[in-house]
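Notes to accompany the following structure.
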Number of protein chains: 2
Amino acid sequence: MFRRHYLVAAAALSAGLLALSALADQSKPTPTTQELLAKSGAVEWRQPDPNNLLVIQLSTGRVLIELAPDFTPLHAANIRTLIKQHYFDGLAIVRVQDNFVTQWDDPAGDDGGDPKKVRSLGNAKNTLPPEFTRPIDPKLAWTALPDGDVYAPEVGFSEGFPVARDPASGQEWLAHCYGMVGVGRDNGPETGNGSALYAVIGQAPRRLDRNLAVIGRVLEGMPLLSGLPRGTGPMGFYSQPTQRTVIQSVRLAADIPVARRPVIEVLRTDSTTFATLIEAKRNRRDTFYAVPAGKIDLCGIDVPVREPTSAGTAVHQAH
Amino acid sequence: MFRRHYLVAAAALSAGLLALSALADQSKPTPTTQELLAKSGAVEWRQPDPNNLLVIQLSTGRVLIELAPDFTPLHAANIRTLIKQHYFDGLAIVRVQDNFVTQWDDPAGDDGGDPKKVRSLGNAKNTLPPEFTRPIDPKLAWTALPDGDVYAPEVGFSEGFPVARDPASGQEWLAHCYGMVGVGRDNGPETGNGSALYAVIGQAPRRLDRNLAVIGRVLEGMPLLSGLPRGTGPMGFYSQPTQRTVIQSVRLAADIPVARRPVIEVLRTDSTTFATLIEAKRNRRDTFYAVPAGKIDLCGIDVPVREPTSAGTAVHQAH
């Protein structure tokens, strides 16, 4: 067992009844995420709308992404159009920049490709309004975090996504946390269309907030995007085509027969269990953590996902 | 060029004289890191003390780590003792947990190993005082960041490292930013000794601050630690020995003949160029970034490193 349990809370090994009140009782170790989720109710979980669930089949495995049309509806619509045309099938991961992003798009659109072979966008739009921020929508449930943020006046979660807000301007936007997915573009703010996408694989690059359209979050498969060799070309682009990971297909779950659709559930961010989880992360105290941080940052929380299977419910963190 | 320059500042392409005053002139694009470093003076760079420079030869390439004995002197001394005994030679990367850490140690010390084969620590100590925080040292240069921090009352840089401070308690500590290296331990705070080390490969897990000893920073080779397949065992441990990356050797630069020593330089964090770099990151404004963040978080800044070579000076970010 020597050092095997490094960085693990011994609390995970402790039995005992878990209750919300356990968080207030400092004589007991803080419940782990797994323990809290095991006590959650079925109504606290939701299945993403199949029209918002992207099923990406890489040569190395499956990645699931949930679109966020409440925040970037025009981009979501354009991406759906591209998917229905099978636009992404056969494209590739072309860029992995350490501590920044993994990007996939049409290799022929990069300097290393043959511009004559650039794939047509078909019925999809070539430019879109930026959708970098949107007016704060009071109809969306809002779970605020209490410890502030370096970049924005307010941060919290809506609809399962990390969100930053500025009440003075009345705007809100999805934050560039680990696992969030954005739209690559050229210099002009309207040059993004969803045909080039990136996922954050390092320290949250919050300077991108309000400068790029964020279209959703990776629910499953982050290791397939983050655990790749870094590109050695400028900005982490792969210098050799052989280094790229091929995208075999991208489908909307809604276009897959129900029997073969991925089944995945996301913890509701307006649920009691999610609120309890936030507090547990803020005040983790057990035989390993002697000094609770007493704080949590927006990108320090991964909204939990799980996959119900016939063999039971496998609970895991998104990343 | 289609989308090739996604996320790059067009400023990188712009010519023109760079000066500190350029930052105040909003009609000009903010200089890039590369442009600012190209204008730096030789005295603004330092070579790490060879007694603090770890040279790790993996089967996949070289990793350089700078120890921080001002913050964790007993751990630095113990790690030097282990290295001089060639303790790490033949050990391996045993754990890669997505969005968290890459860890290397003696595989026989893990559950999957043969405990009878656990390597002796020799002259090194088996336990050490925690060194999780230290009294604020007014003799160390301090470059404060102006935008606050979710976790600590004050943050900034000392001696090339990201540091958090609490004036009320008079304590300071190295922060768990991307690329920082810490000491694995069991539950007891004195159970770490430096024979098991981890590097941060995801969103800064600041909850670890003040609970673990941070011994330094990866100066070179982060992609060799971060771009690895994630472990599928509990906590990201590899379930099969064949998945591990072998550590061929770890040496102190001081123990390598001068002619073969790695030459690497780190930008001084008390230099004018570093201060200018911080401001440039806070207020990046160019044809790509229409909305400067106006802020920067502690772990959003990588202290630049460079490798002077006979062919010229290659400047690159640490990670």
For B:Asp105, which sequence-distant residues (separation of 5 or more, or a different chain) have an amide H within less than 5 Å of its own amide H, given hydrogens modelled in the peptide plane?
B:Ala92, B:Val94
Round to a whole number: what % of the accessible area of segment A:168-311 belongs to carbon and sulfur, probe 1.4 Å?
51 percent
Run the numbers on segment B:129-254 and let me know its relative contact order in percent, using alpha-carbon pairs under 8 Å that are six or more apart.
21 percent
Label 7 Å beyond Cα on the Cβ vector: B:Glu190 copy-to-copy distances, nm:
6.8
Pair A:Lys116, B:Ser59: separation of 7 Å Cα→Cβ label points (nm)
4.4 nm
Using a 7 Å Cα-to-Cβ projection, B:Thr232 label spacings across copies, nm, ascending:
2.9
Can you give the accessible area per residue of the protein assembly as shown, in Å², using a 1.4 Å probe?
38 Å²
Per residue of segment A:103-117, what does 6.51 cos²θ - 1.76 cosθ + 1.60 with θ = phi - 60° give for ³J(HN,Hα)? Whole Hz please, x for Gly and Pro, Karplus curve as stated.
10, 10, 5, 7, x, 5, x, 8, 4, x, x, 9, x, 5, 9
Taking only Cα atoms and a 10 Å spring cutoff, compute GNM fluctuations for chain A and point out the largest among A:Gly170, A:Gly202, A:Gly182.
A:Gly170
Farthest toward positive dipole pole in the protein assembly as shown [+1 Lys/Arg, -1 Asp/Glu at C-beta], among B:Ser271, B:Gly90, A:Pro189:
B:Gly90
C-alpha center-to-center spacing [segment A:79-128, segment B:46-82] in angstrom
42 Å
With an 8 Å cut-off on Cα pairs and a minimum separation of 6 or more residues, tell me the relative contact order of segment B:170-319 in percent.
19 percent
Considering Cα pairs under 8 angstrom that are at least six residues apart, work out the relative contact order of chain A and quote it in whole percent.
27 percent
Summed side-chain charge close to A:Arg282 - residues other than A:Arg282 whose Cβ falls under 12 Å, Lys, Arg +1, Asp, Glu -1
+3
Could you identify which residue out of B:Ala141, B:Ala253, B:Ala293 has the top mean-square fluctuation in a GNM of chain B using Cα springs shorter than 10 Å?
B:Ala293
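Can you give the average number of partner chain beta-carbon atoms within 10 Å of each beta-carbon in peptide A:280-290, as a whole number?
Mean number of neighbouring Cβ atoms from other chains: 3.
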One decimal, nm, shortest first: give the distances between the label point of A:Ala38 and those of the same position in the other copies, each label point 7 Å from Cα along Cα→Cβ.
5.8
A:Gln171's amide H: which non-local residues (gap 5+, or another chain) put their own amide H closer than 5 Å, with H modeled 1.01 Å from N in plane and none for Pro or chain starts?
A:Ile136, A:Asp166
Where does each of B:Ser40, B:Ser169 land when they are ordered by accessible area, with a 1.4 Å probe and the largest first?
B:Ser169, B:Ser40
May I ask you to give the average projected area over all directions of the convex hull of the Cα atoms of the protein assembly as shown, in nm² rounded to one decimal?
28.6 nm²
Applying the Karplus parametrisation 6.51 cos²θ - 1.76 cosθ + 1.60 with θ = phi - 60° to the phi angles of segment B:284-294, what ³J(HN,Hα) value in whole Hz is obtained for each residue in order, glycine and proline being reported as x?
4, 8, 7, 6, 9, 8, 7, 10, x, 4, x
Can you tally the lysine pairs in chain B where the Cα-Cα distance is under 20 Å and the two residues are eight or more apart, or on different chains?
8
Give me a comma-separated list of calculated 3J(HN,Hα) values for segment A:165-176, in order, Karplus coefficients 6.51, -1.76, 1.60 applied at θ = phi - 60°, integers in Hz, x for any Gly or Pro.
9, 10, x, 4, 8, x, 9, 9, 7, 6, 8, 7
Can you work out the FRET efficiency for the pair B:Asn51 and B:Ala168, with r the C-beta to C-beta distance and R0 = 25 Å, to the nearest 0.05?
0.15
Quick check: the angle from helix B:73-84's long axis to the longest principal axis of chain B, C-alpha only, nearest 10 degrees?
60 degrees
Degrees, to the nearest 10: A:272-282 long Cα axis against longest axis of chain A
80 degrees
About the Cα centre of the protein assembly as shown, how large is the charge dipole given +1 on each Lys and Arg Cβ and -1 on each Asp and Glu Cβ? Please answer in debye to the nearest 20.
1020 debye
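Excluding ligands, DNA and RNA, what is the accessible area buried between chains A and B, summed over both sides, using a 1.4 Å probe, to the nearest 100 Å²?
When A and B are taken together, about 6100 Å² of accessible area is lost.
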Taking H as built 1.01 Å from N, whose amide H comes closer than 5 Å to the amide H of B:Arg119, not counting residues under 5 places away?
none
Computed label-point distance, nm, for sites B:Val291 and B:Lys39 using a 7 Å Cα→Cβ extension
2.8 nm
Go through segment B:123-169 and flag every residue whose accessible area shrinks by 50 Å² or more with all protein chains in place compared to the isolated chain (probe 1.4 Å).
B:Val150, B:Tyr151
Net charge over other residues, Cβ less than 14 angstrom from the Cβ of A:Thr133 (K, R count +1; D, E count -1)
-3
Hey, any idea what % of segment A:19-145's accessible area is carbon plus sulfur with a 1.4 Å probe?
54 percent
Which distance in nm do the two modelled labels at B:Gln85 and A:Asp255 give, with both placed 7 Å along the Cα-to-Cβ direction?
6.1 nm
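The values are calculated or read from the model by the stated rules, or taken from the named source; none is laboratory data. Bear in mind that the values here come from a model prediction, so they are computed numbers and not experimental data. Ideal geometry is used to build each Cβ from the backbone, glycine not excepted, and the neighbour counts take in all protein chains shown. Surface areas here come from the heavy atoms of the whole protein model, side chains and all, with no ligands, DNA or RNA. Shrake-Rupley method; radii C 1.70, N 1.55, O 1.52, S 1.80 Å.
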